[in-house]
Amino acid sequence: MRGLVTAFRTLTIIPFPGKDAERSIEALPYFPIVGAVIGGVVWLLAWALGGLLKWPMGAGVACVALTTILTGGLHLDGLADVFDSMGGRTRERKLEIMKDPRIGSFGVAALVICLLLKFTAVVRIVEAGHCLALVLPYVVSRALQVPFAVWLPYARVEGTARQFVEGARPIHFLAAFLLAAAFSFAAAGSRGLLALLLALAPAALLMPWMRRVYGGVTGDLLGMGSEPLETLVRLGLAVA
């Protein structure tokens with residue numbers, strides 16, 4: 001169970017008790033569990049504000065804010081860094097820009113658009129009375145970070161995310177996918193399973209793009225990959 005400890009300490013700011021796994025890749029299968037816990041907290045908040053208090057707009061703001069706090073803004077930081085890096089002409093320059101702690105106009109625009117889409121989708125889902133479905137985007141997006149680590153090389157010589165990539169195997173993805181399928185079905189039934197399967201397509205498209213543009217994956221790219229998948233699933237639920 002040390003992999004679960006490492007997964008929580010990596011993907012959230014939650015002070016999860018216990019000892020870390022000897023190898024970080026042992027945390028990969030547990031990523032959907034972390035997503036389910038985050039989604040569960042968001043579900044309760046959305047139910048309280050949108051269901052009991054009949055305040056869907058407040059639920060939208062609160063849920064987006066809570067997610068950002070619980071994750072320490074980790075994935076949003078990756079999203080901003082990757083979009084800023086698109087201004088670089090060479091692969092080396094793109095990787096250099098991603099390491100810069102400052103944020104540029106591309107990064108700001110990406111953050112604003114992403115947060116607005118999330119907020120809009122949460123409001124619609126809460127208005128429709130399907131707060132439990134809010135668990136689904138977190139489960140799917142965290143599970144589909146794993147194939148990036150499994151099937152892409154690490155793009156830098158050194159980096160904190162390297163230990164999550166080197167040694168990652170398809171069995172890690174299989175375990176994460178099966179867990180994600182169970183949580184998805186519990187949250188949204190057959191629609192949840194369908195959402196998980198459909199999300200494989202954009203994840204599969206992101207991987208060759210990462211390899212071609214960056215030479216593989218980095219910590220920022222792992223985080224960035226989670227954001228569009230989470231947003232797409234949430235928007236899909238809102239439309240459905």
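Can you pull out the residues in segment 12-42 that are closer than 17 Å to A188 by Cβ, surrounded by 22 or more Cβ atoms within 10 Å (Cβ to Cβ) and either in contact with a strand residue (DSSP E or B) (Cβ under 7 Å, 6 or more places away or on another chain) or not β-branched (V, I, T) (or both)?
Those that are closer than 17 Å to A188 by Cβ, surrounded by 22 or more Cβ atoms within 10 Å (Cβ to Cβ) and either in contact with a strand residue (DSSP E or B) (Cβ under 7 Å, 6 or more places away or on another chain) or not β-branched (V, I, T) (or both): P32, G35, A36, G39.
For R156, work out the one condition from (1) in contact with a Ser or Thr (Cβ under 8 Å, 6 or more places away or on another chain); (2) part of a helix (DSSP H, G or I) it doesn't fulfil.
Failed condition: (2).
Quickly run through segment 86-119 and pick out the residues that are in contact (Cβ under 8 Å) with a residue 60 or more places away in the chain, farther than 12 Å from E227 by Cβ and not charged (D, E, K, R).
Pass one, segment 86-119, residues in contact (Cβ under 8 Å) with a residue 60 or more places away in the chain: 91, 94-95, 98, 114, 117-118.
Still in the list and also farther than 12 Å from E227 by Cβ: 91, 94-95, 98.
Within segment 86-119, L95, M98 qualify.
With the condition kept exactly as written, say whether any residue in segment 133-155 is over 15 Å from the mean Cα position of the chain (by Cα) and within 14 Å of G35 (Cα to Cα). I'd like the intermediate steps shown before the answer.
As a first pass, look at segment 133-155 and keep what is over 15 Å from the mean Cα position of the chain (by Cα): 133, 150-155.
Of the ones still in play, those that are also within 14 Å of G35 (Cα to Cα) are 133.
Taking every residue of segment 133-155 in turn, at least one turns out to be over 15 Å from the mean Cα position of the chain (by Cα) and within 14 Å of G35 (Cα to Cα).
With (1) part of a helix (DSSP H, G or I); (2) within 19 Å of the chain's Cα centre (by Cα); (3) more than 23 Å from A182 (Cα to Cα) as the list, and W43 as the residue in question, which single condition is left unmet?
Only one criterion in (1) part of a helix (DSSP H, G or I); (2) within 19 Å of the chain's Cα centre (by Cα); (3) more than 23 Å from A182 (Cα to Cα) is unmet by W43, namely (3).
Is it fair to say L132 is open to solvent by 50 Å² or more (accessible area, probe 1.4 Å) and either over 15 Å from G219 (Cβ atoms) or in contact (Cβ under 8 Å) with a residue 40 or more places away in the chain (or both)? Don't jump to the end; show me each part of the working.
On the way: open to solvent by 50 Å² or more (accessible area, probe 1.4 Å): yes; either over 15 Å from G219 (Cβ atoms) or in contact (Cβ under 8 Å) with a residue 40 or more places away in the chain (or both): yes.
Yes: the conditions hold for L132.
Just one of (1) in a helix (DSSP H, G or I); (2) open to solvent by 60 Å² or more (accessible area, probe 1.4 Å) trips up L206, so point out which.
(2)
Pairs needed: first member in segment 167-178, surrounded by fewer than 21 Cβ atoms within 10 Å (Cβ to Cβ); second member anywhere, among the charged types (D, E, K, R); C-beta distance under 9 Å; at least 6 residues apart or different chains.
Close Cβ pairs satisfying both conditions: G167/R23.
Please state which of the following conditions A187 fails to meet, knowing it meets all the rest: (1) in a helix (DSSP H, G or I); (2) at pLDDT below 95; (3) open to solvent by 20 Å² or more (accessible area, probe 1.4 Å).
The number of the failed condition is (3).
Step by step: first the residues of segment 135-166, then only those that are open to solvent by 10 Å² or more (accessible area, probe 1.4 Å) and of a type in the set (K, R), then the one that is farthest from Y214 (Cα to Cα). Which residue is that?
Out of the qualifying residues, it is R162.
Could you check, for segment 116-129, whether at least one of its residues is over 27 Å from Y214 (Cα atoms), of a type in the set (S, T, Y) and surrounded by fewer than 21 Cβ atoms within 10 Å (Cβ to Cβ)?
yes
Mind checking which residues of segment 226-240 are over 15 Å from L200 (Cα atoms), surrounded by 19 or more Cβ atoms within 10 Å (Cβ to Cβ) and of a type in the set (G, A, S)?
If the condition is that a residue be over 15 Å from L200 (Cα atoms), surrounded by 19 or more Cβ atoms within 10 Å (Cβ to Cβ) and of a type in the set (G, A, S), then A238 is the only one that fits.
Tally the residues that are surrounded by fewer than 17 Cβ atoms within 10 Å (Cβ to Cβ) and either of a type in the set (S, T, N, Q) or in a helix (DSSP H, G or I) (or both), restricting the search to segment 57-91.
Residues of segment 57-91 surrounded by fewer than 17 Cβ atoms within 10 Å (Cβ to Cβ): 57, 61, 65-66, 68-69, 72-73, 86-91.
If we keep only those that are either of a type in the set (S, T, N, Q) or in a helix (DSSP H, G or I) (or both) too, we end up with 57, 61, 65-66, 68-69, 90-91.
Of the residues in that region, 8 qualify.
The values are calculated or read from the model by the stated rules, or taken from the named source; none is laboratory data. All values reported here derive from a predicted model rather than from experimental measurement. Note that each Cβ is placed from the backbone with ideal geometry, even for glycine, and that neighbours are counted across all protein chains shown. The area values use the complete protein model at the heavy-atom level, side chains included, leaving out ligands, DNA and RNA. Shrake-Rupley method; radii C 1.70, N 1.55, O 1.52, S 1.80 Å.
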